[in-house]
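For reference, the structure discussed in these notes is given below.
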Amino acid sequence: MRVGVLTFHRCINYGSYWQARCLVEAVAARGHDAVLLDHQSCAVTSREWRYAFNPHAPDRSGRADLRLYGAKLRRFLDAQAALPLSAPFPLDDPGRMPPVDLALIGSDEVFNLRHPWYGGKPLFWGAGLNAARVASYAASFGSHDADWGIDGHWAGLLRGLDRISVRDDNSLRLVRAAAGLDPALVLDPVLLSPPRVAPAPDAGGYVLVYGHHLPDWFAARVQAAARRRGLRTLSVGYRADWADENRLDAGPVEFAALVAGAEAVATTYFHGCCFALVNGKPLVCAPSDYRWNKVRDLTALLGAERHLTFAESDPAQVDALLGAPLSPAVTGRLASLRAQSAAWLDGVLAA
């Protein structure tokens, strides 16, 4: 089949890039002609790039950091251009999309009506797509909480999909309540079909730090724990003034290699957790308002709640987690869910 994956593949974000690449590669590995559906929008690109240069807004990046963020952007553009892309079409005119036998919507926050620039775009809900069948794989509502619900218009679009799967409990509860459907719960593509990237050849051990606007209490505990263990802290993708080293210009492959080479991972990001998990790294994650639904549900799904830490937690927890390997129960649960998710994907592709 000709299968089109519809997601946020042009975001300047490591997780967005890798979930898109991992899903299209997983489909291709099953013998199908898989492409990323290349929707384009000047307005979205402008907002994405402004954010890429100033991730700490409202604070402005310094001149030196702007150069490094520019190098990071160029590495992303090169990596995105190397992906299997369909012919481009306008984001707001999905009828001009090249035809496919199956459109797979997801992963990422494709159903998040509150996403700052993709929220409320009908094509991510299957509207107007030039596809014989439309399904979602590991779709998420992101920061849109299940308790807020969605109106009848969006619920009707969900009911129009041929198959639905989601990647978190928040999204599962929302689809059940709003559309009266029972979606499958599957793994994010990074967990389903992990990237194979060699570890970065950095000398010396480091704790990889991934995220921006990290809480001061979390930064202090991570840095103290790293020092007690004789490790340095390395922040990737975003500046952390407290870190020993910053790699602001890392592209998607460099990011994956740095995670693979790390002694441990400290993050506030969903995909920071995912990459730590698939690499078997000690992990500690602090919550953030925007990403709370995602990291809460991921850790609960895998029985890995102990890897979450909070301001009121014992500060020694961060030190303990950064030195502790993943438990066999977590790795076993991940393997079981990977098999279930692969079976669901196989079933959609075989229909």
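Quick note: the coordinates plus some simple rules give every number you see, no bench work behind them. Quantities reported herein were computed from a predicted structural model and do not represent experimental measurements. Counting neighbours? That spans all protein chains shown, and the Cβs are built from the backbone with ideal geometry, glycine included.
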Quiz item: So how tilted is helix 216-228 from the main axis of the chain? Cα-based, degrees 0 to 90, rounded to 10.
Solution: 60
Quiz item: residue 300 to residue 60: FRET efficiency via 1/(1 + (r/R0)^6), r the Cβ-Cβ distance, R0 56 Å, to the nearest 0.05?
Solution: 0.90
Quiz prompt | Set of the stretch 213-230 residues, backbone N closer than 18 Å to the point 7 Å along the Cα-Cβ line of residue 320 | solution = 218, 221-226, 228-229
Quiz item: Taking amide H positions as placed 1.01 Å from N in the peptide plane, with prolines and chain starts having none, which residues 5 or more places from residue 36, or on another chain, fall under 5 Å of its amide H?
Solution: 5, 85, 86
Quiz item: For labels at residue 101 and residue 329 in the simple 7 Å Cα→Cβ model, what's the distance in nm?
Solution: 4.3
Quiz item: Ordered by residue, what ³J(HN,Hα) values in Hz, to whole numbers, does the stretch 5-21 give under the Karplus form 6.51 cos²θ - 1.76 cosθ + 1.60, where θ = phi - 60° and Gly and Pro are x?
Solution: 9, 10, 7, 8, 6, 9, 5, 8, 8, 4, x, 4, 4, 6, 5, 5, 5
Exercise. Relative to the longest principal axis of the C-alpha atoms of the chain, give the angle of the C-alpha long axis of helix 252-261, reported between 0 and 90° and rounded to the nearest 10°.
Key: 50
Exercise. Give me 192, 157, 248 ranked fewest to most by other Cβ atoms within 10 Å of their Cβ, as a rough exposure proxy.
Key: 157, 248, 192
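Excluding residue 259 itself, calculate the net charge of residues whose Cβ lies under 14 Å from the Cβ of residue 259, where each Lys or Arg counts +1 and each Asp or Glu counts -1. Walk me through the numbers before you get to the answer.
Details: positive: 196, 247, 281; negative: 202, 254, 263.
Charge balance near residue 259 sits at 0.
Residues with beta-carbon under 12 Å from that of residue 79, excluding residue 79: net charge, scoring Lys, Arg +1 and Asp, Glu -1? If you can, show how the numbers build up before the last one.
Working: positive: 10, 21, 72, 74, 75; negative: 78, 254.
The answer is +3.
Specify whether the C-alpha gyration tensor of the stretch 206-333 places it in the rounded, prolate or oblate class, a ≥ b ≥ c being the square roots of the eigenvalues: rounded for a/c under 1.5, otherwise prolate if a/b is larger than b/c and oblate if not. Walk me through the numbers before you get to the answer.
Details: a/c = 1.32, a/b = 1.19, b/c = 1.11.
Cα axes put the stretch 206-333 in the rounded bin.
Please find the FRET efficiency linking residue 67 to residue 40, where r is the Cβ-Cβ separation and R0 is fixed at 25 Å, and quote it to the nearest 0.05. Could the numbers behind the result be given before it?
Working: r = 26 Å, r/R0 = 1.06.
About 0.40, to the nearest 0.05.
At R0 = 30 Å, how high is the FRET efficiency between residue 29 and residue 77 if r is their beta carbon distance? Nearest 0.05 is fine.
Values: r = 25 Å, r/R0 = 0.85.
That pair, residue 29 with residue 77, gives E of 0.75.
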Quiz prompt | Order of 48, 263 under a 10 Å beta carbon neighbour criterion, fewest first | solution = 263, 48
Self-check item: Proximal charge balance of residue 213 [Cβ under 14 Å; K/R count +1, D/E count -1]
Solution: -2
Quiz prompt | Cα long-axis angle, helix 328-350 against the chain (0 to 90 degrees, to the nearest 10) | solution = 20
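Can you tell me how the stretch 159-222 classifies by the Cα gyration tensor, rounded, prolate or oblate, using a/c under 1.5 as the rounded cut?
Numbers: a/c = 4.99, a/b = 1.89, b/c = 2.64.
It comes out oblate by the Cα gyration axes.
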